[in-house]
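The values are calculated or read from the model by the stated rules, or taken from the named source; none is laboratory data. What you are looking at is a predicted structure, and each value in this text was computed from that prediction instead of being measured. Because the Cβ atoms are built from the backbone with ideal geometry, glycine has one as well, and the counts that use them run over all protein chains shown. Ligands, DNA and RNA are stripped out before the accessible areas are found, and what is left, the full protein with its side chains, is counted by its heavy atoms. Shrake-Rupley method; radii C 1.70, N 1.55, O 1.52, S 1.80 Å.
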Amino acid sequence: MDSVFNRAKEKMEKSINSLKYEYNSIRAGRANAAVLDRIQVDYYGCPTPINQMAAISVPEARVLAIQPWDMSALSLIEKAILASDLGLNPSNDGRIIRLVFPALTEERRKQLSKDVASLGEEAKVAIRQIRRDCIEKIKTMKKNSEITEDDQKYGEEEIQKITDEFIKKVDEIAAAKTKEIMEI
């Protein structure tokens, strides 16, 4: 039965990591290199992440500097950023691309907060799905006489405790991201 608990924790942890990854791509008004993680550049016919073809730095709070190792890739990176859903206008000086993050409007902050809440809810649904699958596995074990009825009850309670713990983590992560977005 411990293997069921361990698998549940492992899968729930993956849901938490996925949520954190999603939150990293939401720009909160300040420069964060993680917003570029999803952008792929068509580099010699191969989709390549920007962080694998350039040095990314944060010279100021609202500015990202992208310096490609291969200068011929400068325009390709610029095109990929323009084509992305970031809504940023890259500034190219021939050596470095600068991305200036404008301050978020109140309306945009509220929309991003809703997006954060929505992603948090999706993570909770995924965690609850994992709980349901584990409870089904425990019921199957009971049906096959692998465990007793007391073990089944204990297992279901333990899975619920694990689920509650991970749901609480999701709420904490979502609250922290919302706070970050709402800061001026």
Residues of the stretch 14-53 satisfying the condition of being in contact (Cβ under 8 Å) with a residue 60 or more places away in the chain, farther than 15 Å from residue 116 by Cβ and either not in a helix (DSSP H, G or I) or not small (Gly, Ala, Ser) (or both): 30, 31
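Scan 100, 116 and give me the residue that is surrounded by 18 or more Cβ atoms within 10 Å (Cβ to Cβ) and under 27 Å from the mean Cα position of the chain (by Cα).
So the residue among 100, 116 that is surrounded by 18 or more Cβ atoms within 10 Å (Cβ to Cβ) and under 27 Å from the mean Cα position of the chain (by Cα) is 116.
Looking only at the stretch 62-86, count how many residues are in a loop (DSSP other than H, G, I, E, B), within 22 Å of residue 104 (Cβ to Cβ) and either aliphatic (A, V, I, L, M) or open to solvent by 70 Å² or more (accessible area, probe 1.4 Å) (or both). Working first, answer last.
In the first step, residues of the stretch 62-86 are kept if they are in a loop (DSSP other than H, G, I, E, B); the result is 62, 69-70, 84-86.
If we keep only those that are within 22 Å of residue 104 (Cβ to Cβ) too, we end up with 62, 84-86.
Still in the running and either aliphatic (A, V, I, L, M) or open to solvent by 70 Å² or more (accessible area, probe 1.4 Å) (or both): 62, 85-86.
Total satisfying the criteria: 3.
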- prompt: Taking into account only those residues within the stretch 39-61 that are more than 21 Å from the chain's Cα centre (by Cα) and open to solvent by 60 Å² or more (accessible area, probe 1.4 Å), which is nearest to residue 25 (Cα to Cα)?
  reply: 61
- prompt: How many residues does the stretch 134-179 contain that are open to solvent by 30 Å² or more (accessible area, probe 1.4 Å) and either touching a helix residue (DSSP H, G or I) at 6+ places or on another chain (Cβ under 8 Å) or under 30 Å from residue 109 (Cα atoms) (or both)?
  reply: 22
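What tally of residues in the stretch 87-97 results from selecting those that are within 20 Å of residue 38 (Cβ to Cβ) and either basic (Lys, Arg) or surrounded by 14 or more Cβ atoms within 10 Å (Cβ to Cβ) (or both)? Before the answer, list the steps.
Initial filter on the stretch 87-97 (within 20 Å of residue 38 (Cβ to Cβ)): 87-90, 97.
Pick out the ones that are also either basic (Lys, Arg) or surrounded by 14 or more Cβ atoms within 10 Å (Cβ to Cβ) (or both) and you get 88, 90, 97.
Total meeting the criteria: 3.
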